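**Q** Once you've had a glance at the structure underneath, I'll fire off some questions.
The values are calculated or read from the model by the stated rules, or taken from the named source; none is laboratory data. Computed from a predicted structure; not experimentally measured. When we count neighbours, we look across all protein chains shown, and the Cβ atoms used for this are built from the backbone with ideal geometry, even at glycine.
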Amino acid sequence: MNWTGGKSLEQALLDMILLFGLVVEGIGFFYRKRKRHLFRAFGWALLGIYWPTQAAGFLGMDDLTNAFFCLAALPFFFYLGYHEILSYRADEDHHGLKFIAGAVFLAGMPYFIIDRIPIVAGTLISIVADQSIWLLNLMSGNGFTVDPVNYFNNSLWYKTDFVNEIGALVPEANIRIVLACTAIQSILIAFGVVVAARSQWDRKAKALLINIPTIYLLNLLRNAGVIYLTHYGITDFYTAHHVIGKGGSLIALIILLFITFEIMPELYDDIASLAKLHERFNRLRRSR
């Protein structure tokens, strides 16, 4: 993200690094020949270069958690890339490495497109805002409204303003609904994780049909609840949004994850295998 305003050459180059990294990761996921490992390794290197550049912006917002994860992406992604090189040398595939490459591509590429094309992001925000306000009015019995989406300095086809966040204002509560309020991140992560996992397609379809509508509906309830709690003075915005809203979302996602494990036990194996990469590292190193 560009935290200084405007779409600088630096930000355009970072966008290219991120986009190219996602594309290469996708090629490595779908490609069947041995060089798939080299594509994935290159993709991890590009993503490892990109994410630390975002840490300063989160530090500027006193968001130490996200800043830490941005910085940690460099060693973590390079570690994954090195394992792909080991896979190439040994001509050995690792289902966990393939899984995470596919999950990152399938979740990251759609989100990049949505986030970087304002008209797409704005349309999604408008739909979610209208439905959240409808639910809020059903809960409160009052006539809350939502303003049209404000695109600020952005063109409709390419994001250029990284300071002002595209969003729709609820004037009665002075709260803006932005892209993060659409739950698109959680939905795409669920989509990427489920589709990339090793499982039969009927099980994947069942998991998606449970996860995606549930996440979407719970998010509408969260949006309405945050505005309700804040507007009527039941609690402050920080508590309503960051403690109650995010806490409730985390609990719901954990429950959905366990349900998904029951439907797709292979998913648990894919995730667990990543925690054992160090054992593979030692084995392959000794075999050289």
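**Q** Out of the stretch 15-24, which residues are crowded, with 18+ Cβ neighbours inside 10 Å and without any contact (Cβ under 8 Å) to a residue 60 or more places away in the chain?
**A** Gly21, Val24
**Q** So, one more: So, in the stretch 51-106, of the ones that are of a type outside the set (D, E, K, R) and assigned to a loop (DSSP other than H, G, I, E, B), which residue ends up surrounded by the most Cβ atoms within 10 Å (Cβ to Cβ)?
**A** Restricting to residues being of a type outside the set (D, E, K, R) and assigned to a loop (DSSP other than H, G, I, E, B), the top hit is His94.
**Q** Regarding Val178, is this residue of a type in the set (A, V, I, L, M) and in contact with a His (Cβ under 7 Å, 6 or more places away or on another chain)?
**A** no
**Q** So, one more: Report, by residue number, each residue of the stretch 107-125 that is crowded, with 18+ Cβ neighbours inside 10 Å and either touching a strand residue (DSSP E or B) at 6+ places or on another chain (Cβ under 6 Å) or among the acidic types (Asp, Glu) (or both).
**A** If the condition is that a residue be crowded, with 18+ Cβ neighbours inside 10 Å and either touching a strand residue (DSSP E or B) at 6+ places or on another chain (Cβ under 6 Å) or among the acidic types (Asp, Glu) (or both), then Ile125 is the only one that fits.
**Q** A follow-up question, please. Regarding Ile27, is this residue within 18 Å of the chain's Cα centre (by Cα) and surrounded by fewer than 19 Cβ atoms within 10 Å (Cβ to Cβ)?
**A** no
**Q** Also: Give the residues of the stretch 265-282 that are among the acidic types (Asp, Glu) and at pLDDT 80 or above, sorted by residue number.
**A** Quick first cut of the stretch 265-282, residues among the acidic types (Asp, Glu) only: 266, 269-270, 279.
Within the stretch 265-282, Glu266, Asp269, Asp270 qualify.
**Q** Hey, could you check the stretch 126-171 for residues that are in contact with a strand residue (DSSP E or B) (Cβ under 6 Å, 6 or more places away or on another chain) and under 23 Å from Gly60 (Cα atoms) and say which is surrounded by the most Cβ atoms within 10 Å (Cβ to Cβ)?
**A** Here the residue is Gly167.
**Q** Still on this model: Could you identify the single residue in Lys159, Lys204 that is touching a residue at least 60 places away in the same chain (Cβ under 8 Å), within 20 Å of the chain's Cα centre (by Cα), in the same structural domain as Ala252 (by TED's automatic domain parsing) and farther than 26 Å from Ala252 by Cα?
**A** Lys159
**Q** Considering each residue of the stretch 126-163, count those that are closer than 27 Å to Leu13 by Cα and of a type outside the set (S, T, N, Q), and give that number.
**A** Looking only at that region, the number is 9.
**Q** While we're looking at this one, here's another question. Output the qualifying pairs, or none if there are none: Cβ atoms under 6 angstrom, residues six or more apart or on different chains, first residue in the stretch 176-194 and assigned by TED's automatic domain parsing to the domain that holds Tyr238 and farther than 15 Å from Ser249 by Cβ, second residue of a type in the set (A, V, I, L, M, F, W, C) and not in a helix (DSSP H, G or I).
**A** Arg176/Leu169; Ile177/Ala168
**Q** For the stretch 154-201: of the residues being of a type in the set (Phe, Trp, Tyr) and assigned to a loop (DSSP other than H, G, I, E, B), which is nearest to Arg116 (Cα to Cα)?
**A** If we take residues in the stretch 154-201 being of a type in the set (Phe, Trp, Tyr) and assigned to a loop (DSSP other than H, G, I, E, B), then Tyr158 is nearest to Arg116 (Cα to Cα).
**Q** Only residues that are loosely packed, with under 14 Cβ neighbours inside 10 Å, modelled with pLDDT of 90 or more and more than 21 Å from the chain's Cα centre (by Cα): list them for the stretch 210-264, please.
**A** The one that is loosely packed, with under 14 Cβ neighbours inside 10 Å, modelled with pLDDT of 90 or more and more than 21 Å from the chain's Cα centre (by Cα): Glu262.
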